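Structure first, then comments.
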Amino acid sequence: MTNSVKHTNITKISDSGIESKPDLLAIEEPLEIRVGFGSMSERQQKSLSVTMRTPGHDFELAAGFLFTEGIIQSFSQIESVKYCEDGGKQEQKENIVRVELKSEVKINFEKLQRHFYTSSSCGVCGKTSIDAVKVNCESLSDSFTISSEVVHSLSDKLRKAQLVFEYTGGLHASAIFDASGNLILLREDVGRHNALDKIIGAMLFKNETPLSNYALLVSGRASFELVQKAAVAGIPVLAAVGAPSSLAVQLANDAGMTLLGFVRDQRFNIYCGEQRITSR
């Protein structure tokens, strides 16, 4: 957790008075994602994204980003992932990740209509149209089901596992669970889309995509981009502690995904895909 938080001093104002005390902040720093591609004799490099993220699991974030953007379809297409050697100072090196793709991987950059400069708050801002942000999605499994009782338990499990949030209160989280409600993997980040890319990237490194046997829970609202990334990864159930947006519901319905909102306090809403939610 040391690379995810920063110590600071604050003046706390409350009914009890004024108090000077130490505090912790969630770190936010830029990460540039570069891709190396082409034949070994004519290797090229291109910068694809600059995103504000919480340091940690950067290689997962980069791999997950390439996967959810449709640039790669499997881990086998990655030759290596490393911090850039030409970044100058150490702190700059650790904010630039280069993903080397296998020489046979072809990238049609003209077809990639998305703008890859994102912010921690909204990865879809600045995109030219809804059609331009849609990428190929997995055919989602109809065999995966999860009980309402298990769904009720997920938000508490997520909250208890959020170590950095516990100290800072400043991070989003994504977590995947199996049908029995067992927490499989959790990632935190200042950017909600980054947290999900880290989850997907981690499972990509394990060659465990598509994620057809898992439910995803996100700590905030369910946005269009989170639904898209989950669909690309083959996640059949997306649950959010907060509300979904109208475009999130539309895309989830189009993709055949189960989308849940307000999953907290022993209640939740089903917006589409209710066939995957069982009573027991």
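The values are calculated or read from the model by the stated rules, or taken from the named source; none is laboratory data. All values reported here derive from a predicted model rather than from experimental measurement. Here Cβ is always computed from backbone atoms with ideal geometry, including for glycine, and neighbour counts include all displayed protein chains.
The selection criterion, being small (Gly, Ala, Ser), farther than 17 Å from Arg187 by Cβ, touching a residue at least 12 places away in the same chain (Cβ under 8 Å) and outside the structural domain of Leu226 (by TED's automatic domain parsing), holds for Ser103. Could you check, for segment 26-38, whether at least one of its residues is over 30 Å from Ser80 (Cα atoms) and either in the same structural domain as Ser103 (by TED's automatic domain parsing) or at pLDDT below 90 (or both)? No, segment 26-38 has no match at all. With respect to the conditions (1) polar (S, T, N, Q); (2) surrounded by 13 or more Cβ atoms within 10 Å (Cβ to Cβ); (3) closer than 21 Å to Val232 by Cα; (4) touching a residue at least 24 places away in the same chain (Cβ under 8 Å), Gln73 falls short on a single one, namely (4).
For segment 28-85, residues that are part of a helix (DSSP H, G or I) and closer than 17 Å to Arg192 by Cα total 11. Out of Lys198, Lys134, Lys127, Lys206, report the one residue that is modelled with pLDDT of 95 or more, basic (Lys, Arg) and either under 14 Å from the mean Cα position of the chain (by Cα) or closer than 25 Å to Gln250 by Cβ (or both). Going through Lys198, Lys134, Lys127, Lys206 in turn, just one is modelled with pLDDT of 95 or more, basic (Lys, Arg) and either under 14 Å from the mean Cα position of the chain (by Cα) or closer than 25 Å to Gln250 by Cβ (or both): Lys198.
At least 2 residues being crowded, with 21+ Cβ neighbours inside 10 Å and in contact (Cβ under 8 Å) with a residue 24 or more places away in the chain is the threshold, and among the strands (runs of 3 or more DSSP E) wholly inside segment 183-280 those reaching it are 183-189, 215-218, 237-240, 258-264. Kindly indicate whether any position in segment 10-33 is surrounded by fewer than 16 Cβ atoms within 10 Å (Cβ to Cβ), closer than 22 Å to Ile200 by Cα and without any contact (Cβ under 8 Å) to a residue 60 or more places away in the chain. Within segment 10-33, none of the residues are surrounded by fewer than 16 Cβ atoms within 10 Å (Cβ to Cβ), closer than 22 Å to Ile200 by Cα and without any contact (Cβ under 8 Å) to a residue 60 or more places away in the chain.
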